[in-house]
Each structure stands twice: as structure tokens, then as C-alpha cells.
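The values are calculated or read from the model by the stated rules, or taken from the named source; none is laboratory data. Predicted, not measured: the structure shown is a model, and the values here were computed from it. With ideal geometry, Cβ positions are generated from the backbone for all residues, glycine too; neighbour counts draw on all protein chains shown.
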Amino acid sequence: MPASRPIWKGQLRLSLVSIAVELYTATKSNAKPSFRQIHEPSGKPIHYEKVVDGIGPIDTSDIMKGYEYEKGDYVLLTEDEIDAVKLETRKTLELTQFVGACEIDPLYFDKPYYMVPADDLADDAFVVIRDALRKSNKVGLGQLALRGKEYLVAIKPSGKGLLLETLHYEEELRKADPYFTDIPSKKADPDLLEVATALIDKKTDKFDASVFKDHYQTALRELIGRKLKSKGRKISTKDDEPESRPSGSNVVDLMAALKSSLEGGKAPAKSTASKPAAKTTTAAKKPAAKPAPRKKAS
């Protein structure tokens, strides 16, 4: 079992079958540098006090949760009252529906968790559910109460275990139409489409996340290292000017750029819309230079 503590323990249920399982966070919170706000003159961290208008700082034991049902009016709830809300999904995750593995729009996915059997007694049933999902190429859907919220979740095989991913509810997502309204309703040019598709095929490979690195976090750690070596003195943060992007008519010819990318060459020279790019000739087509006449011996 992993060294970290499970964030949830309960039952995974499929009809009359219940399996004791545990849930672990699949992502690491310490993978990126974290910062605190510091008071520069003293070098000390800044703290935040909980205050009430007209009263000032208050004790945390006097804090309750309140729901604003009208402007300025709240109904107060204690932690015990909130915890008393009985939801079966607090301890049981029932798989109520199954869908094709590719049917869920990636837009819905939120956060991943690892699901494992809680003990040896749960192993056999756990393996059956995992392998049945893999064989049918299906994803199980259910709901789980976690950290004060009931989540829609999807479960699918992942190696020897199961991967649970929380999903956004429909009402949590913005509609795409307002953002896509101004995009012209037209098809791509067939010739351009053919070259672009060929470029995609050329760059297609199996997904390997280890190939991609977070360059920003690496650069940030290097900056922190340089700052430590400089013993707190200011260091140069100037960087090379970023290349300006072409705009308006001063753009690279799209077909030429795609073909150059497909051939693995450099981007072609810029051309304007009013002046077509001149045709280039290869070195083989250039006329050979005439040899210089030899000087006569004196």
C-alpha cells in the first residue's frame, strides 16, 4: 500500500456486489514551487486574520457556515448539522450506468484518483470488475460524496487498478456557442487540408507523457537557485525579445509554411498579399560561372 493516506474509504457497488475500496489522489501538490506573500522590509511572511466589520479580529471557534438566502440575511449551519446530511454516496459508490470509453467529452473530466481494494478479501471481486470494464471497453458512472460535495464520477481500468475521475455536472460548464459565434462557417481549402493532414500523420506517435516537461517550472527553479547563490541580491530578469508574430497581410504563405513543415525545413520567407512570392531556383539550375582567363607567361 502507498505511504499516503486514502482520502476516502467505502464500498464500490455493482448491483448486489459490494467491494471494499480506498481512494488516493493521483496528482502531486508539491510538484511545483509554491510561494508565500512576504513583507519585504522585514522579510517575514504575511498572515491573514479573520475579521468582522465593526468588531475586528475574531476567534475561529465563533465561525459558522451561513447561506445567504436574501441580501444580508443568512441561515446558519453548524458542522454537526452539515455532517448529519445523510447521503448514501458518502460511503457507497454505486455504478449505475456504463458508457463507451470514448463517449465522454474531455471537457467534463476534472480530477483523477487511484482506486484500490481495501483488503485481501476484496481482491477477487475488484479484479472481476476491472477486467469486465476492460473487456467491454466501457466506463462505469456513479456518484460519490467527497469533501462536502457530491461528485459525478467515472471509473475505468488503469494498469492493475482502477482510475476514478471526477466529472463536472452539465450546469457547471459554459456553453461554447457564445465563444464560437464569430468563427466563419466554412470548410477548409481541400489542398491545404491535405497537406495539414499529412503533417499531422507525420507527427503522430503513441502518447508518452514523460516526453513533455514543464519548462516554466524548470526555469522558475533555476531562477530560485540563482537567487539563492546571489544571497538575495537582485539578478537580471531580462530575456531575449520574443519573436513578433506576423499579422495582417504580412504573413507567411500558408501552403508554403505547411509544405516546409512537412519537409522538416525552415519556415519560408514572409510575403505580402499584394506581392506574390518569387519562385526560387535550386543551385543545380543556376548557370555555371565562366572560368577566368589564364594569364600568359612573360
Give all pairs with beta carbons closer than 7 Å in which a residue from the range 167-191 that is under 26 Å from D110 (Cα atoms) meets a residue that is of a type in the set (G, A, S) and surrounded by 10 or more Cβ atoms within 10 Å (Cβ to Cβ); count only pairs at least 6 apart in sequence or on separate chains. L167/A154
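Looking at the range 273-287, can you tell me whether even one residue there is surrounded by 11 or more Cβ atoms within 10 Å (Cβ to Cβ) and at pLDDT below 75? Talk me through it step by step, then tell me what you get.
Residues of the range 273-287 that are surrounded by 11 or more Cβ atoms within 10 Å (Cβ to Cβ), as a first pass: 277.
Keeping just the survivors that are at pLDDT below 75 gives 277.
Scanning the range 273-287 turns up at least one residue that is surrounded by 11 or more Cβ atoms within 10 Å (Cβ to Cβ) and at pLDDT below 75.
Is it the case that the range 38-48 has a residue that's of a type in the set (K, R), exposed (fewer than 12 other Cβ atoms within 10 Å of the Cβ) and either part of a loop (DSSP other than H, G, I, E, B) or in contact with a Lys or Arg (Cβ under 6 Å, 6 or more places away or on another chain) (or both)? So that I can check it myself, show each step before the final result.
So in the range 38-48, the residues of a type in the set (K, R) come out as 44.
In the following step, the residues that additionally are exposed (fewer than 12 other Cβ atoms within 10 Å of the Cβ) were identified as 44.
Adding the requirement that they be either part of a loop (DSSP other than H, G, I, E, B) or in contact with a Lys or Arg (Cβ under 6 Å, 6 or more places away or on another chain) (or both) leaves none.
Checked the range 38-48: no residue is of a type in the set (K, R), exposed (fewer than 12 other Cβ atoms within 10 Å of the Cβ) and either part of a loop (DSSP other than H, G, I, E, B) or in contact with a Lys or Arg (Cβ under 6 Å, 6 or more places away or on another chain) (or both).
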If a residue must be closer than 27 Å to R174 by Cα, β-branched (V, I, T) and either crowded, with 16+ Cβ neighbours inside 10 Å or in contact with a Phe, Trp or Tyr (Cβ under 6 Å, 6 or more places away or on another chain) (or both), how many such residues does the range 91-138 contain? 1
Any residue at all in the range 83-90 that is at pLDDT below 95, surrounded by 14 or more Cβ atoms within 10 Å (Cβ to Cβ) and of a type in the set (G, A, S)? no
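Does D131 count as charged (D, E, K, R), outside any loop (DSSP other than H, G, I, E, B) and over 14 Å from L162 (Cβ atoms)?
On the way: charged (D, E, K, R): yes; outside any loop (DSSP other than H, G, I, E, B): yes; over 14 Å from L162 (Cβ atoms): no.
It is false that D131 is charged (D, E, K, R), outside any loop (DSSP other than H, G, I, E, B) and over 14 Å from L162 (Cβ atoms).
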Near pairs, Cβ below 6 angstrom, 6+ apart or cross-chain, from the range 114-128 (among the basic types (K, R)) to any residue that is in a helix (DSSP H, G or I): none
Hey, can you tell me all the residues within the range 202-232 that are part of a helix (DSSP H, G or I) and either modelled with pLDDT of 90 or more or of a type in the set (K, R) (or both)? K202, R221, R226, K227, K229
Residue that is surrounded by the fewest Cβ atoms within 10 Å (Cβ to Cβ), among those in the range 193-233 that are farther than 18 Å from F35 by Cα and touching a residue at least 12 places away in the same chain (Cβ under 8 Å): K202
So for the range 63-73 (the condition being touching a residue at least 40 places away in the same chain (Cβ under 8 Å), more than 17 Å from L146 (Cα to Cα) and surrounded by 10 or more Cβ atoms within 10 Å (Cβ to Cβ)), does at least one residue qualify? no
Among what's in the range 6-43 and is modelled with pLDDT of 90 or more and charged (D, E, K, R), pick the residue that is farthest from the chain's Cα centre (by Cα). R13
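Determine, yes or no, whether A198 is closer than 21 Å to S15 by Cβ and assigned to a helix (DSSP H, G or I).
Working: closer than 21 Å to S15 by Cβ: no; assigned to a helix (DSSP H, G or I): yes.
Judged against the criteria, A198 is not a match.
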Taking only the range 46-86 into account, find how many residues are basic (K, R) and more than 36 Å from the chain's Cα centre (by Cα). 1
Please verify whether L144 is touching a helix residue (DSSP H, G or I) at 6+ places or on another chain (Cβ under 7 Å), at pLDDT below 95, surrounded by 18 or more Cβ atoms within 10 Å (Cβ to Cβ) and not acidic (D, E), treating the condition exactly as stated. yes
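Provide a single number: the residues in the range 19-37 that are assigned to a loop (DSSP other than H, G, I, E, B) and surrounded by 10 or more Cβ atoms within 10 Å (Cβ to Cβ).
Applying the first criterion (assigned to a loop (DSSP other than H, G, I, E, B)) to the range 19-37 yields 26-37.
Still in the list and also surrounded by 10 or more Cβ atoms within 10 Å (Cβ to Cβ): 26, 32-33.
Of the residues in the range 19-37, 3 are assigned to a loop (DSSP other than H, G, I, E, B) and surrounded by 10 or more Cβ atoms within 10 Å (Cβ to Cβ).
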Selection count where residues are surrounded by 10 or more Cβ atoms within 10 Å (Cβ to Cβ), under 24 Å from the mean Cα position of the chain (by Cα) and among the hydrophobic types (A, V, I, L, M, F, W, C), scope the range 148-192: 9
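Yes or no, residue by residue, for (1) in contact with a helix residue (DSSP H, G or I) (Cβ under 7 Å, 6 or more places away or on another chain); (2) at negative phi; (3) not small (G, A, S):
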{"position": "R5", "(1), (2), (3)": "no, yes, yes"}
{"position": "A26", "(1), (2), (3)": "no, yes, no"}
{"position": "S29", "(1), (2), (3)": "no, yes, no"}
{"position": "P33", "(1), (2), (3)": "yes, yes, yes"}
{"position": "Q37", "(1), (2), (3)": "no, yes, yes"}
{"position": "P41", "(1), (2), (3)": "no, yes, yes"}
{"position": "K44", "(1), (2), (3)": "no, yes, yes"}
{"position": "H47", "(1), (2), (3)": "no, yes, yes"}
{"position": "V51", "(1), (2), (3)": "no, yes, yes"}
